[in-house]
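Shown next, in structure tokens, is the structure this report addresses.
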């Protein structure tokens, strides 16, 4: 982390924003990339140079939503079977169909909640495209989720003082809390859908 921080410190403000935007974009294409680390450290550096919180957040959102909508377009173009073969995060055609069913029944709420789950958020955009959720609806939902998370990252970075490692630890803790809340919401949504579906079928003889 120290070498990455030193490299970011040496960048002019414009290039720093560009690196943040590229990291946010690539997160959607190559999930193992530690984009949150790059963005948080970039915000940390911007706060102690000539950058601004709005600048960091805007650069992050441009990259993140741009990458998400690119993957959305790929999912829309090639469909679920292709995604299931190409994206390890989906894993199988059956798993993709399960995700598709969740989006079909829960709509935008499912997209927002899923984007807060670290293990699945990268597959949300292509699956949303593959199952036919409209670009405006999908993009708006992803904008809300990413906007909230990266606003929190920017705020924590700009209030972190001089200790980058303490900032990263706090961001990781916040991410775990938000992820746990998202899991609880996802389970609640699934139970709600299951209950409504069971009532719609009516009592069995």
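Derivation of every value follows stated rules applied to the coordinates shown; laboratory data play no part. Just so we're clear, the structure is a prediction, and the values are computed from it rather than from any experiment. Note that each Cβ is placed from the backbone with ideal geometry, even for glycine, and that neighbours are counted across all protein chains shown.
Listed highest first by mean packing, meaning other Cβ atoms within 10 Å per residue, what order do 127-137, 16-26, 46-56 come in?
16-26, 127-137, 46-56
Bin all alpha-carbon pair distances of region 1-45 at 5 Å intervals from 0 and give each bin's fraction as a whole percent.
5, 26, 34, 22, 11, 2
Given a Förster distance of 30 angstrom, what is the FRET efficiency for residue 159 paired with residue 30, based on the Cβ-Cβ distance and rounded to 0.05?
For residue 159 and residue 30, the calculated efficiency is 0.50.
Relative contact order for region 1-90: what is it in percent, counting Cα pairs under 8 Å that are at least 6 residues apart? Numbers along the way, then the final one.
On the way: 84 pairs, mean separation 28.8, N = 90.
32 percent.
What does the extension gain come out to for residue 58 and residue 144, with contour length at 0.36 nm per residue minus their alpha carbon separation?
Here the answer is 29.6 nm.
Among 61, 142, what is the fewest-to-most ranking by other Cβ atoms within 10 Å?
With the fewest neighbours first, 61, 142 line up as 61, 142.
If the chain between residue 135 and residue 10 were fully stretched, how many nm would it gain, using 0.36 nm times the residue separation less the Cα-Cα distance?
Details: separation 125, 0.36 × 125 = 45.00 nm, distance 3.82 nm.
41.2 nm is the gain from fully extending residue 135 to residue 10.
Rg (Å, one decimal) plus Dmax (Å, integer) for the alpha carbons of region 14-82?
Gyration radius and largest Cα-Cα distance of region 14-82: 13.6, 47 Å.
In nm, what is the difference between 0.36 nm times the number of residues separating residue 169 and residue 78 and their Cα-Cα distance?
Working: separation 91, 0.36 × 91 = 32.76 nm, distance 3.90 nm.
Additional length available on full extension: 28.9 nm.
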